[in-house]
1. Restrict the check to the range B:228-241 and report whether at least one residue is free of Cβ contacts under 8 Å to residues at least 12 places away in the same chain and outside any loop (DSSP other than H, G, I, E, B).
2. Within the group A:Gly119, A:Gly77, A:Gly97, which residue is modelled with pLDDT of 95 or more, touching a Ser or Thr at 6+ places or on another chain (Cβ under 9 Å) and either assigned to a loop (DSSP other than H, G, I, E, B) or not basic (Lys, Arg) (or both)?
3. Picking from A:Ala47, A:Ala34, which residue would you name as being farther than 23 Å from A:Val110 by Cβ and either part of a helix (DSSP H, G or I) or in contact (Cβ under 8 Å) with a residue 60 or more places away in the chain (or both)?
4. Given the criterion among the aliphatic types (A, V, I, L, M) and away from every other protein chain (no Cβ under 14 Å), identify the matching residue among B:Ala198, B:Ala252, B:Ala278.
5. Among what's in the range B:201-222 and is assigned to a strand (DSSP E or B) and in contact (Cβ under 8 Å) with a residue 60 or more places away in the chain, pick the residue that is nearest to the other protein chains (Cβ to nearest Cβ).
6. I need the full set of residues from the range B:234-260 which are surrounded by 22 or more Cβ atoms within 10 Å (Cβ to Cβ), among the aliphatic types (A, V, I, L, M) and closer than 25 Å to B:Ala75 by Cβ, in order please.
7. Given the conditions (1) away from chain B (no Cβ under 13 Å); (2) touching a residue at least 24 places away in the same chain (Cβ under 8 Å), and given that A:Thr141 satisfies all but one, which numbered condition is not satisfied?
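The values are calculated or read from the model by the stated rules, or taken from the named source; none is laboratory data. Predicted model only: the values in this text are computed from it and were never measured. Neighbour counts are summed over all protein chains in view; Cβ atoms, including those assigned to glycine, are modelled from backbone coordinates with ideal geometry.
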Amino acid sequence: MKLRLITLVCAMTGGAAFAAETGPKDVQFDDYGAIEQSLTGVAGDAANGALIVGEKSKGNCVACHELTALADIPFHGEVGPMLDGAGDRWSEAELRGLVANAKMTFEGTVMPAFYKDDGYIRPGDAYTGKAPSAPLTSILTAQEIEDVVAFLATLKEQ
Amino acid sequence: MNNKALAAVTAVLAFPALVAAGPDDDNLVINDELDMISVTEAPAHTENLDTIYSGWHFRTDETQALQIDDFDNPAMIFVDQAADLFETVDGAAEKSCASCHDGVESFEGLQASMPKVDAESGKLVVMEDLINKCRTDRMEADALKWSGADMQGLVALIGLQSRGIPMNVAIDGAAAPFWEQGKEMYYTRYGQLELSCANCHEENWGNMIRADHLSQGMINGFPTYRLKQAKLISRHNRFRGCIRDTRAETFAEGSDEFRALELYVASRGNGLSVETPAVRQ
């Protein structure tokens, strides 16, 4: 009996740790598109965020945005605004909202939503051109969003 | 407008000035004698553009040079092969294209009006449909694969007979419902990246997206020789690639959806010279 209780407590603790991560469907945006609460409760890793921003198979943010901090990566795009100074212009909550789903801040923006897993028209199985064979996942994970936000917050003009 | 919105707008406006963006102002002349209309006023139905540009203006000088002389144009090998195929007997009826058509020159002007509605069937047809109908019905030969070298060589060969003639597809009458369908597709934000044709080719032409210089997505140069694929690329293959890159389930080459999109996109370029076989990156 005692052993069972301990097992149960362990399972609940594990469950609680899991539940701390906010799923794409449960994200709370405020009226201006910001997300106050961390998606994971774990501080973002700015260094990993920088990798995600530059990596083609991850965020590939540089495809559309230029930023001086990643000048060693070639071919920054010019579809979106420059990211230099993003940490001055936006609070952490605003950055989180912009990366998760910028359409909540700027209606109709070209920018894709990186933390959303439904509501698409003809979504595919990644870049195969085929219909998905499994439920869709968001383009970035909750922790990856937090990492990118942490990195963007470091982009200060001064 | 709050300060943050102002800052964002300022960043958008200021940034393009840092990089040489937009189309160049070179003149497209083929073989030193054929003046092409590669820049002109947008047709009235292309509501959100004032001026339309051939994709040629968005490519590097090196790529542009390959298109202005037929001896340098790598697509011409495939066009020459298609000219041989035009004369080649195939199928149970023991005919070639040339058995019925009095020289490929007789197709002058046809490409400028394609796609169009077939009066008999009421269906929207593209050049590939006309070629395969001749092959299966008159030659009693096998249909050609949509994006294969034989088919795209023939599409380019027939299109070449109209080179220099301004595109002028009909969008009214029987074509109207197909055109509306294509227009709706053009503005639909497909896939997990939620991108429409318009997001890149209407709102962001002239801008760089990673290493690619976004054009207006005109198709007057198709079939086009793409250097990275080293062959003639069909219009539907390019549509398919673009939609795939939005992380979407794409449509099939030769589908009615892509026929409708082809009509709509072709109509956005009404007034630009037929350019096939163009050369792109």
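1. yes
2. Checking each option against the conditions leaves just A:Gly97.
3. A:Ala47
4. B:Ala278
5. B:Met208
6. Within the range B:234-260, just B:Ile243 meets the criteria.
7. The single condition A:Thr141 does not satisfy is (2).
Quick grid of which residues meet (1) within 12 Å of another protein chain (Cβ to nearest Cβ); (2) in contact (Cβ under 8 Å) with a residue 40 or more places away in the chain; (3) more than 23 Å from A:Thr22 (Cα to Cα):
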residue	(1), (2), (3)
A:Thr40	no, yes, no
A:Ala43	no, yes, no
A:Pro74	yes, no, yes
A:Arg89	yes, no, yes
A:Ala102	yes, yes, no
A:Gly124	yes, no, yes
A:Val148	no, yes, no
